[in-house]
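K.L.:
So that we are looking at the same thing, I have put the structure below in structure tokens.
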Amino acid sequence: MRIGLIGTGRIGTFHAEVLSRHPAVDSLLVADADPERAAVAATRTGASAVPVDAMFTGGGRGLPDALVICSATAAHASLIARAARAGLPVFCEKPIALDLPGTLGALAEVEAAGSILQLGFMRRFDAGYGEARAAVRDGRLGRLHTVRAVTSDPAPPPADYLPLSGGLYRDCLVHDFDILRWVTGREVSKVYATGSDAGPAMFRAAGDVDTAAALLTLDDGTLATATATRCNGAGYDVRMELAGELDQIAVGLDERTPLTSAEPEGPGAPAKPWPGFLERFAPAYEAELDAFLRVARGELANPCDGREALHALRIAEACEISRRERRPVAMEEIPGG
């Protein structure tokens, strides 16, 4: 296969490295709004650097068989639309867009073209979350009554990223909202959310929060909490706990979880805590790209299409309204359902 990739920042270069060694990829084209950065990534991965427009026009090389979009978030929707019009299967890092109109517009382009769009919610490809999903669906936990989701970054992102991120709910907790739906098979019916900007001043300057919590009521009455912070000095901590009438299990609890027991006989601090998302979810990132190549070849049904991203974004939107207006928000209030 001939694969194109747009966006050669941290996650884009990581994806390029994965694609460059995939047995199904014969050649890899990379592009970036910054041609020098694309050239560096091409040298690093053995790819060919091309202009962004060449992905959609061929540029004398012919179109790629499929396209991976890892560009700045603001460009996702327009690139998805161009790819749809060119008939290219697309894998795009989340989100489609930071707002509902942009998301719905891009999805309309994909649906009109009848093309493929797979979104990068990598937790769906993590072994632990997959086992949790199976446990819920098989009834091993009994009636599920409580779910707790945690996402804690070890350090804040650069200050200039915050105004472009969409905020903690859309940028970070959206992963928890997606995986909550995927694991439980239920929809969120109501949210109540709050946040704190008591940490670094750059969050207040950006109108964002550094720590947030949401109480989510699922459509079968199950209660879920989702918390996130940008300031978890112990390390990168992503977990989910699921409690039912018969049993309870935890995802993300291993020898690298940055958690120390306060009990005298409990486990101490990990010797090598997870430092970030690329390390923690490296196998999942590889698995989702492998799945995309199979989807593009017609060998696999799309495991995470664009509508899944819309569902997660609607929950994030509800949380933003709840935080701002200090009230519960029913999902019926959010357009796009």
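K.L.:
Treating the beta-carbon of each Lys and Arg as +1 and of each Asp and Glu as -1, no other charges, what is the dipole magnitude of the chain about its Cα centre, to the nearest 20 debye?
P.N.:
280
K.L.:
Can I ask one more? Mind computing the radius of gyration and Dmax over the alpha-carbon atoms of the chain? Å is fine for both.
P.N.:
That works out to 20.1, 68 Å for Rg and Dmax.
K.L.:
Something else about it: Residues with beta-carbon under 12 Å from that of residue 128, excluding residue 128: net charge, scoring Lys, Arg +1 and Asp, Glu -1?
P.N.:
Around residue 128, the surrounding residues sum to +1.
K.L.:
A follow-up question, please. How many Å³ per residue does the convex hull of the Cα positions in the range 3-84 occupy?
P.N.:
That works out to 80 Å³ per residue.
K.L.:
Also, I was wondering about something else. What percent do you get for the relative contact order of the chain when only Cα pairs under 8 Å and 6+ apart count?
P.N.:
Worked out over the chain, it gives 18 percent.
K.L.:
Can you tell me which of 7-20, 107-120 comes out highest on packing, and rank the rest after it, using the mean Cβ neighbours within 10 Å?
P.N.:
The packing order, highest mean first, is 7-20, 107-120.
K.L.:
I'd like to compare 298-311, 230-243: which one has the highest average count of other Cβ atoms within 10 Å, and what's the full order after that?
P.N.:
230-243, 298-311
K.L.:
Do me a favour and compute the ellipsoid semi-axes for the range 39-89 from its Cα gyration tensor, root of five times each eigenvalue, largest one first, whole Å.
P.N.:
That gives 19, 15, 9 Å for the three semi-axes.
K.L.:
Given a 1.4 angstrom probe, what's the average accessible area per residue across the range 252-337, in square angstrom?
P.N.:
Per residue, the range 252-337 has an accessible area of 52 Å².
K.L.:
Give me the percent of DSSP beta bridges within the chain that run antiparallel, rounded to the nearest 5.
P.N.:
Here the share of antiparallel DSSP bridges comes out near 55 percent.
K.L.:
Hey, could you get me the Stokes-Einstein D for the range 251-329, Kirkwood radius over alpha-carbon pairs, 20 °C and 1.002 mPa s, rounded to whole µm² s⁻¹?
P.N.:
On the way: Rh = 16.7 Å.
After rounding, the answer is 129 µm²/s.
K.L.:
So for the range 20-81, averaging the separation of alpha carbon pairs under 8 Å that are six or more residues apart and normalising by length, what relative contact order in percent results?
P.N.:
24
K.L.:
For the Cα atoms of the chain, what angle does the longest principal axis make with the long axis of helix 76-85, in degrees from 0 to 90, nearest 10?
P.N.:
Roughly 50 degrees between the two axes.
K.L.:
Taking the chain as the reference, fit the longest principal axis to its C-alpha atoms, fit the long axis of helix 127-138 to the helix C-alpha atoms, and give the angle between the two in degrees, 0 to 90, nearest 10.
P.N.:
With both axes taken from Cα atoms, the answer is about 60 degrees.
K.L.:
Using θ = phi - 60° and the Karplus form 6.51 cos²θ - 1.76 cosθ + 1.60, what ³J(HN,Hα) does each residue of the range 245-252 get, whole Hz, x for Gly and Pro?
P.N.:
Coupling constants for the range 245-252: 5, 9, 6, 9, 9, 10, 9, x Hz.
K.L.:
Note down the relative contact order for the range 184-328 as a percent, whole number, built from C-alpha pairs under 8 angstrom at least six residues apart.
P.N.:
Relative contact order, the range 184-328: 23 percent.
The values are calculated or read from the model by the stated rules, or taken from the named source; none is laboratory data. Predicted, not measured: the structure shown is a model, and the values here were computed from it. Note that each Cβ is placed from the backbone with ideal geometry, even for glycine, and that neighbours are counted across all protein chains shown. In case anyone asks, the SASA skips ligands and DNA or RNA and just uses the protein heavy atoms, side chains included. Shrake-Rupley method; radii C 1.70, N 1.55, O 1.52, S 1.80 Å.
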